[in-house]
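Read the figures in this text as sums done on the coordinates, not as results from a lab. What you are looking at is a predicted structure, and each value in this text was computed from that prediction instead of being measured. Positions of Cβ are backbone-derived with ideal geometry, glycine not excepted, and every protein chain shown enters the neighbour counts.
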Amino acid sequence: MQIFTEAREMTAAVKKWRASGKTVGLVPTMGYFHQGHLSLMRRAREENDVVVVSLFVNPLQFGPREDLDIYPRDFQRDRQLAEEVGVDCIFFPSVEEMYPQPFLTKVVVGKITEVMCGKARPGHFEGVTTVVAKLFHIIPADRAYFGQKDAQQVRVIQKMVEDLNFDIDIRICPTVREEDGLAASSRNVYLSGEERERATLLYRSLERAQRVIERGERRAEAVEKSIREMLEGQPGIDLEYVAVYNNIDLEPVEILQGEVLIALAAWVGGTRLIDNVLIRIDDK
Ligand code: PAF
């Protein structure tokens with residue numbers, strides 16, 4: 001497996017592969033791989049001749065009081081895991097390589113970045129779209145793979161790709177869960193044993209919402225209430241938001257119809273976790 005640290009060399013390699021008729025799949029990550037990342041890599045492996053993983057903890061997407069300094073990092077472990085699933089190369093740039101100073105440009109997607117996580121994390125999605133746009137230029141792949149766990153990130157990147165005519169196919173892969181339902185996340189390592197147990201309530205509240213819908217409920221307010229009832233007032237859980245939004249322009253819905261995103265963010269102790277489910281309702 002090859003490791004590239006310089007953008008120019010990475011781009012030259014990708015151009016060479018593509019010129020020789022090979023397809024290239026890109027899996028952008030911030031490292032500390034878990035089963036979610038590995039599932040993206042396996043999917044990319046199935047669908048492409050060459051698989052490139054980018055590993056870069058992007059300072060631009062962390063707020064001043066967020067966890068950039070303590071974000072888990074272990075390159076040797078990541079390298080081994082990537083190799084085991086058949087990744088061909090890792091792009092592992094330094095902060096200086098990605099953001100030579102002065103760095104004056106940002107890629108901003110409007111409106112859909114101002115709701116949900118965007119409210120609590122101002123500037124976060126600008127950081128994501130700026131680094132992803134750079135990665136798409138440095139690694140001009142055929143396809144890029146993202147997890148549905150980051151539902152808002154997925155919509156924001158799809159919108160950027162559409163609005164700015166990036167020539168890349170965005171593939172969305174299902175959320176990978178632990179046996180008890182907790183969504184795989186690099187931040188799960190922050191949880192103590194007790195918090196880890198509590199965190200399972202997040203997905204259980206989403207499952208409860210799904211059952212409410214299966215029984216015929218179509219009012220978004222009632223679906224949201226079913227989640228709030230389960231999470232609000234729970235010791236050690238601080239619910240930040242529950243959203244019942246259409247999955248196109250991330251606007252709140254009143255009556256569930258079409259593709260509906262039910263998403264939440266909550267603090268479990270000192271760790272902020274997100275989760276979501278996508279529901280398809282085709283009432284006539
Ligand atoms: O989902 C992530 O890990 C990051 O937001 C991404 C897409 C790699 C950009 O830094």
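For region 11-119, compute the orientation-averaged projected area of the C-alpha convex hull (one quarter of its surface), in nm². Show your work: numbers first, answer last.
Details: hull surface 35.8 nm².
Across all orientations, region 11-119 yields a mean hull projection of 9.0 nm².
Here region 114-158 was treated as a single set of alpha-carbon atoms; its pair distances binned every 10 Å from 0 give 25, 55, 19, 2 percent.
Projected onto planes of every orientation and averaged, the convex hull of the alpha-carbon atoms in region 172-216 covers 4.0 nm².
Amide H to amide H distances under 5 Å link Arg177 with Ala184, where only residues 5 or more positions off or on other chains count and H is placed in the peptide plane. Normalising the Debye intensity of region 72-113 to I(0), with uniform scatterers on Cα atoms only, and taking log10 at q = 0.16, 0.25, 0.29, 0.33 Å⁻¹ returns -0.71, -0.87, -1.00, -1.15. Normalising the Debye intensity of region 121-199 to I(0), with uniform scatterers on Cα atoms only, and taking log10 at q = 0.25 Å⁻¹ returns -1.20.
Rounded to 0.05, the FRET efficiency of the Glu114 and Arg204 pair, given R0 = 25 Å and the Cβ-Cβ distance, is 0.30. A Gaussian network model of the chain, with springs between Cα atoms under 10 Å, assigns the largest mean-square fluctuation among Glu47, Glu83, Glu214 to Glu214. Restricting the calculation to Cα atoms, region 237-284 yields a radius of gyration followed by a Dmax of 12.5, 44 Å.
Please pull out the direction-averaged projected area of region 146-284, using the convex hull of its alpha-carbon atoms, in nm² to one decimal place. Show your work: numbers first, answer last.
Details: hull surface 37.1 nm².
For region 146-284, the mean projected area of the Cα convex hull comes to 9.3 nm².
May I ask for the net charge around Asp142, where only other residues with Cβ less than 15 Å from the Cβ of Asp142 are counted and Lys, Arg are +1 while Asp, Glu are -1? Cβ neighbours under 15 Å give a net charge of +2.
Highest mobility in the GNM of the chain, judged by mean-square fluctuation with C-alpha springs under 10 Å and restricted to Pro140, Pro102, Pro59, is found for Pro102. Taking the C-alpha atoms only, the angle from helix 124-138 to the longest principal axis of the chain is near 30 degrees.
Over the chain, dividing the summed -39,500 (n - 2.57) contributions of all DSSP H runs of at least 4 residues by the number of residues returns a 222 nm mean residue ellipticity of -11500 deg cm²/dmol. Just to confirm the number: angle between the C-alpha axis of helix 75-84 and the first principal axis of the chain, 0 to 90 degrees, nearest 10? Long axis of 75-84 versus the principal axis of the chain: about 90 degrees. Computed on the chain, with alpha-carbon pairs under 8 angstrom and 6+ residues apart, the relative contact order is 17 percent.
With contacts taken as Cα pairs under 8 Å and at least 6 residues apart, region 126-284 reaches a relative contact order of 18 percent. Over all Cα atoms in region 1-72, the spread is summed up by Rg and Dmax: 14.5, 46 Å.
Packing order of peptides 165-174, 32-41, highest average first: 32-41, 165-174 (average count of other Cβ atoms within 10 Å over each peptide's residues). Binning the C-alpha pair distances of the chain at 5 Å intervals from 0 yields a P(r) profile of 1, 5, 12, 15, 18, 17, 13, 9, 5, 3, 1, 0 %, listed from the shortest bin outward.
The value obtained for region 45-102, namely the Cα convex hull volume divided by the number of residues, is 114 Å³ per residue.
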